[in-house]
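J.: Right, I'll just put the structure down here and ask away after.
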Amino acid sequence: MVGEPRRLLEKGLETLIQLLRQDPHALETAYISVIAFAGKVETLVPLIDVISFYPPQLPLGSGTAMGLALEHLMTELDQSVRRGSSERKGDWKPAVFFMTDGKPTDAMEKAARKWRNHYASKANLIAIGLGAYADTDALKRFADEVIRYDGETEEDFRKFIRWMSASVSSMSVAVRDGSERKTLPVSLDKAGGVLKPAGSTVRVDEDVVVVVGKCQRIRRPYLLKYERLSSVLGNEAPEASIPEMYRDAYQATGGFAIDESYFDWSDSREINASVEMNRLIGGVSCPQCGGAYSMTVCGCGGVFCTDGFGIQTCLWCGELGEVSGVTADTPSIFIQRSSG
């Protein structure tokens with residue numbers, strides 16, 4: 001998750017906490033934890049009461065390790081949720097909002113089966129696919145309630161967060177009354193049209209291309225994001241009207257400055273992924289320094305920014321080389337890519 005979706009989610013967490021702090025039932029019963037996953041997974045905030053909770057900065061990394069995230073979630077439930085006994089009262093059944101905007105990049109079948117068999121009855125899990133590229137079929141492997149967020153604006157996302165807040169409040173009241181939830185705690189109709197039950201996901205390879213580059217001026221990494229051209233154009237240009245040479249192409253849609261923690265969160269197994277350069281249309285300036293050439297490609301497949309042509313040093317392999325423009329006679333160039 002990168003760019004606008006990540007910013008909205010961080011801001012949404014702040015809004016969610018503000019709303020919950022206005023609810024006396026949530027103040028009395030709700031504790032919140034945040035688990036983040038990319039190619040790796042980590043608990044950013046352990047279970048803490050609503051008043052003490054401070055929204056964390058969400059990390060970036062390549063990969064969508066759903067299986068690893070599920071395993072981590074199950075471990076957290078075992079360690080953090082106190083079970084009741086004849087001698088003490090246990091914690092109430094936790095609510096889990098499992099959100100992703102991508103497709104799983106690890107083997108998740110074992111974890112999904114383990115959740116279904118041993119943990120599904122211990123938590124109220126709602127899986128939410130954020131946007132067009134979220135694999136809701138994968139979410140259905142372990143979640144009974146799977147919904148999709150299809151909003152486009154910041155106000156749409158606020159509607160989604162208000163629905164989440166109302167859901168937590170509803171479950172807090174149910175906890176107090178000792179009732180058991182059988183369906184979604186709050187109807188999707190209350191979300192202002194931005195949420196709907198997840199249908200079947202059409203499995204399309206490489207909907208999004210994310211390229212990691214390095215800024216030659218300040219030596220910091222950045223991301224370049226490309227989306228399938230037909231998706232960018234949408235209904236304005238049906239696929240049949242797109243020239244055949246561009247039907248397998250991707251349009252530049254954004255550039256994002258990141259830091260070295262991106263690599264800590266990334267899946268190291270993805271080192272062989274690549275995309276042919278002539279399938280990428282358009283470009284953006286370097287997100288770190290503003291330089292015009294953010295897509296300078298070395299023979300090693302690494303990407304970095306430059307201030308023009310001439311002799312340059314690749315920031316990935318350290319080799320010197322001459323930067324020149326691409327012509328019709330230029331051999332195919334393959335670029336290292338991330339899974340997004």
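Read the figures in this text as sums done on the coordinates, not as results from a lab. Remember, it's a predicted structure, so these values are computed and weren't measured experimentally. Cβ placement follows ideal geometry from the backbone for every residue including glycine, while neighbour counts extend to all protein chains displayed.
J.: Could you line up Lys122, Lys196 from fewest to most neighbouring Cβ atoms inside 10 Å?
T.: The most exposed by this proxy come first: Lys196, Lys122.
J.: Follow-up question, since we're still on this one. For Ser187 and Glu154 in one chain, what is 0.36 nm times their gap in residues minus the Cα-Cα distance, to one decimal in nm?
T.: 9.8 nm
J.: I would also like to ask the following. Please report the net charge: other residues with Cβ closer than 12 Å to the Cβ of Val194, K and R +1, D and E -1.
T.: Summing Lys/Arg as +1 and Asp/Glu as -1 gives 0.
J.: Which percent of Cα pairs goes in each bin when the distances of region 4-197 are cut into 10 angstrom slices starting at zero?
T.: The percentages, shortest bin first, are 8, 36, 42, 13, 1, 0.
J.: Sort 287-300, 124-137 for me by packing, meaning the mean count of neighbouring Cβ atoms within 10 Å per residue, highest on top.
T.: 124-137, 287-300
J.: I would also like to ask the following. Starting from the Cα of Glu4, step 7 Å toward the Cβ, then list every residue of region 141-157 with an amide N under 14 Å from that point.
T.: 150-157
J.: Then there is this: Would you list Glu276, Glu152 from fewest to most Cβ contacts within 10 Å?
T.: Glu152, Glu276
J.: Counting only residues 5 or more places away or on other chains, whose amide H sits under 5 Å from the amide H of Ser274 once H atoms are built in the peptide plane?
T.: Amide H neighbours of Ser274: Arg337.
J.: So if each residue of separation counts as 0.36 nm, and I subtract the Cα-Cα distance between Leu77 and Gln57, what length gain in nm does that give?
T.: Additional length available on full extension: 4.9 nm.
J.: Related question: Please rank His118, His72, fewest neighbouring Cβ atoms within 10 Å first, as an exposure proxy.
T.: With the sparsest Cβ surroundings first, the list reads His118, His72.
J.: Starting from the amide H of Tyr250, placed 1.01 Å from N in the peptide plane, find each other amide H under 5 Å away whose residue is 5 or more places distant or on another chain.
T.: Distant-sequence amide H within range of Tyr250: Leu229, Leu280, Ile281.
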